[in-house]
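Structure record follows, encoded as structure tokens.
The values are calculated or read from the model by the stated rules, or taken from the named source; none is laboratory data. Computed from a predicted structure; not experimentally measured. Cβ coordinates were reconstructed from backbone atoms using ideal geometry, including for glycine residues, and neighbour counts include every protein chain displayed.
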Amino acid sequence: MSVQPLTLPLLPSLVAAPRHSFSVVDGVRLHWVEYGDPCSRTPVVLLHGLNDSHLTWRQIAPLLSRGRHVLALDLPGHGLSDRPDASYELTWYARILARWLDTLAAPAVDLVGHSLGGGIALALLADRRPSIRRLVLAAPGGLGREVSFILRLASIPGVVEHFGQPFMSIGTRLALNGWREKLPDRHIAELSAMNATRGTARAFARTVRDLIDWRGQRHSFLRRAHEVADLPPIAVLWGDRDSIIPIAHGRALVEGIDGVRFTEFAGCGHYLHHDDPQAFAQGVRDAVDALSWPPMRLRIVAQPAPRTTAWLGDPQSVRAG
């Protein structure tokens with residue numbers, strides 16, 4: 001399915017001002033921004049990607065908050081959240097997020113995850129499946145080997161963690177250079193300032209080290225999806241010009257699981273929510289507001305992984321059945 005640009009005007013006067021919140025979870029101070037008013041409908045939680053922050057949802061969250069309570073979290077090691085001396089493994093992120101979700105006054109949430117945020121959302125299915133009503137994945141990690149060369153290069157042990165902090169700000173500016181016509185200068189300046197915070201390079205390096213090696217991505221959801229007894233409805237959104245994680249990974253998920261809804265965004269790259277925010281917001285709303293969903297059924301059944309392998313572990317350690 002391909003999405004064409006939509007005309008969905010942003011009406012600031014109809015959207016409540018965002019509210020910043022902080023909470024300490026397992027010793028980590030987390031920051032998030034809330035949009036809209038809490039209501040009886042399932043809240044929407046937005047999870048950003050690597051080296052990003054809540055700012056990435058600045059154009060999306062107001063659109064989603066019409067009739068919804070939206071929470072845009074800064075993952076630990078990112079944005080205005082703490083940068084502890086931690087492992088930054090996928091399972092660590094999932095554990096922190098799971099305990100943060102426990103603090104919310106909601107029995108379940110709709111999760112929207114971009115890139116790293118999508119990989120964390122998938123990892124949450126291991127022990128927080130009842131807390132997830134629907135899952136929207138935007139160019140998520142953890143679905144296949146291929147990933148950009150620059151991220152494989154960043155996985156070289158020790159280099160970024162010990163020498164990268166002075167370059168995190170300029171690196172952010174360079175990474176967003178292709179979206180300068182899409183993003184206001186203040187967005188890039190604010191994110192660059194956040195990533196200049198001490199500890200950002202350590203968080204970035206350790207996250208990449210867990211997720212990626214010189215061969216590519218180390219984690220594979222399809223290898224472990226059989227461990228989730230009851231998959232939630234899953235929608236996948238992907239830009240057809242993504243140069244970070246190939247769109248073929250999204251198509252593979254559709255082939256592996258019946259019921260997955262796949263939407264291709266024409267002319268969009270990895271940051272598809274920047275390239276076409278209106279169409280992206282509409283894609284999310286179509287998923288979380290759908291009145292019905294076809295049954296979710298896993299087609300690919302993998303053999304159980306060795307006990308020493310973490311959930312969503314190295315795909316080389318498990319052979320498909």
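With closer than 23 Å to PRO76 by Cβ, of a type in the set (S, T, N, Q) and within 20 Å of the chain's Cα centre (by Cα) as the only criterion, which of SER243, SER192, SER169 stands out? If you could, list the steps in order and put the result at the bottom.
Working: SER243 fails: closer than 23 Å to PRO76 by Cβ; SER169 fails: within 20 Å of the chain's Cα centre (by Cα).
Only one candidate qualifies: SER192.
Report every pair of residues separated by at least 6 positions or lying on different chains whose Cβ atoms are under 6 Å apart, first residue within segment 190-219 and without any contact (Cβ under 8 Å) to a residue 40 or more places away in the chain and within 28 Å of ARG180 (Cβ to Cβ), second in a helix (DSSP H, G or I) and charged (D, E, K, R).
So the pair list comes out as SER192/ARG173.
Against the definition (touching a helix residue (DSSP H, G or I) at 6+ places or on another chain (Cβ under 6 Å), crowded, with 16+ Cβ neighbours inside 10 Å, in contact (Cβ under 8 Å) with a residue 60 or more places away in the chain and in a helix (DSSP H, G or I)), how does THR172 come out, yes or no?
Here the answer is yes, as THR172 does meet what is asked.
Looking at (1) touching a Leu at 6+ places or on another chain (Cβ under 7 Å); (2) in a helix (DSSP H, G or I); (3) within 30 Å of ARG251 (Cα to Cα), which is the one condition that is false for HIS187?
Against the list (1) touching a Leu at 6+ places or on another chain (Cβ under 7 Å); (2) in a helix (DSSP H, G or I); (3) within 30 Å of ARG251 (Cα to Cα), HIS187 comes up short only on (3).
Can you find, within segment 190-221, the residue that is nearest to GLN165 (Cα to Cα) among those that are hydroxyl-bearing (Ser, Thr, Tyr) and not in a helix (DSSP H, G or I)?
Of all residues in segment 190-221, those hydroxyl-bearing (Ser, Thr, Tyr) come to 192, 197, 200, 207, 220.
The next check asks that each one be not in a helix (DSSP H, G or I); those that pass are 197, 220.
Working: THR197: 8, SER220: 29 Å.
Only one residue fits best here, namely THR197.
In segment 141-169, how many are among the charged types (D, E, K, R) and outside any loop (DSSP other than H, G, I, E, B)? Quick ask: steps written out before the conclusion?
Let us first name the residues in segment 141-169 that are among the charged types (D, E, K, R), namely 145-146, 152, 161.
Remaining after also requiring outside any loop (DSSP other than H, G, I, E, B): 152, 161.
Qualifying residue count, segment 141-169: 2.
Only one of (1) on the phi > 0 side of the Ramachandran plot; (2) free of Cβ contacts under 8 Å to residues at least 24 places away in the same chain fails for ALA139. Which number is that?
Unmet condition: (2).
Please find, among ALA106, ALA86, the residue that is touching a Lys or Arg at 6+ places or on another chain (Cβ under 8 Å), aliphatic (A, V, I, L, M) and more than 22 Å from ARG186 (Cα to Cα). Show your work before the answer.
Details: ALA106 fails: touching a Lys or Arg at 6+ places or on another chain (Cβ under 8 Å).
The match here is ALA86.
Restricting segment 15-62 to residues that are in a loop (DSSP other than H, G, I, E, B) and among the basic types (Lys, Arg), which is nearest to VAL109 (Cα to Cα)? Can you show your working first?
Step one: of segment 15-62, the residues in a loop (DSSP other than H, G, I, E, B) are 15-18, 26-27, 36-43, 48-53, 58-60.
Then drop every residue that is not among the basic types (Lys, Arg), which leaves 41, 58.
Values: ARG41: 9, ARG58: 20 Å.
Only one residue fits best here, namely ARG41.
Looking at PRO130, PRO107, which one is free of Cβ contacts under 8 Å to residues at least 24 places away in the same chain and either under 22 Å from ALA248 (Cβ atoms) or of a type outside the set (A, V, I, L, M, F, W, C) (or both)? Even if it seems obvious, please write down each step before you answer.
Working: PRO107 fails: free of Cβ contacts under 8 Å to residues at least 24 places away in the same chain.
Answer to the check: PRO130.
What is the residue count in segment 121-152 for residues that are buried (at least 20 other Cβ atoms within 10 Å of the Cβ), closer than 16 Å to ARG209 by Cβ and among the β-branched types (Val, Ile, Thr)?
Of the residues in that region, 1 qualify.
Kindly indicate whether ARG29 is in contact with a strand residue (DSSP E or B) (Cβ under 9 Å, 6 or more places away or on another chain) and modelled with pLDDT under 95. Can you show your working first?
Numbers: in contact with a strand residue (DSSP E or B) (Cβ under 9 Å, 6 or more places away or on another chain): yes; modelled with pLDDT under 95: no.
The answer is no for ARG29.
I want to confirm something. Restricting to segment 175-201 and keeping residues that are small (Gly, Ala, Ser), farther than 22 Å from GLN217 by Cα and touching a helix residue (DSSP H, G or I) at 6+ places or on another chain (Cβ under 6 Å), which single residue is surrounded by the most Cβ atoms within 10 Å (Cβ to Cβ)?
First, the residues of segment 175-201 that are small (Gly, Ala, Ser): 175, 178, 189, 192-193, 196, 199, 201.
When the remaining residues are screened for being farther than 22 Å from GLN217 by Cα, the result is 178, 189, 192-193, 196, 199.
This time we only want the ones that are touching a helix residue (DSSP H, G or I) at 6+ places or on another chain (Cβ under 6 Å), so: 192, 196.
Working: SER192: 18, ALA196: 16.
Only one residue tops the list, namely SER192.
Quick one: which of SER115, SER155 is surrounded by 16 or more Cβ atoms within 10 Å (Cβ to Cβ) and at pLDDT below 95? Let's see the steps before the verdict.
Values: SER115 fails: at pLDDT below 95.
When all the criteria are applied, what remains is SER155.
Surrounded by 22 or more Cβ atoms within 10 Å (Cβ to Cβ) and of a type in the set (A, V, I, L, M): which single residue out of LEU231, LEU272 fits that description?
On the way: LEU231 fails: surrounded by 22 or more Cβ atoms within 10 Å (Cβ to Cβ).
Just a single option satisfies the conditions, and that option is LEU272.
Looking at (1) part of a helix (DSSP H, G or I); (2) closer than 24 Å to LEU55 by Cβ; (3) of a type outside the set (Val, Ile, Thr), which is the one condition that is false for LYS182?
Of the numbered conditions (1) part of a helix (DSSP H, G or I); (2) closer than 24 Å to LEU55 by Cβ; (3) of a type outside the set (Val, Ile, Thr), the odd one out for LYS182 is (1).
Here are some conditions: (1) farther than 25 Å from ILE212 by Cα; (2) crowded, with 17+ Cβ neighbours inside 10 Å; (3) more than 14 Å from the chain's Cα centre (by Cα); (4) at pLDDT 95 or above. ALA72 meets all but one. Which one does it not meet?
Of everything listed in (1) farther than 25 Å from ILE212 by Cα; (2) crowded, with 17+ Cβ neighbours inside 10 Å; (3) more than 14 Å from the chain's Cα centre (by Cα); (4) at pLDDT 95 or above, ALA72 misses just condition (3).
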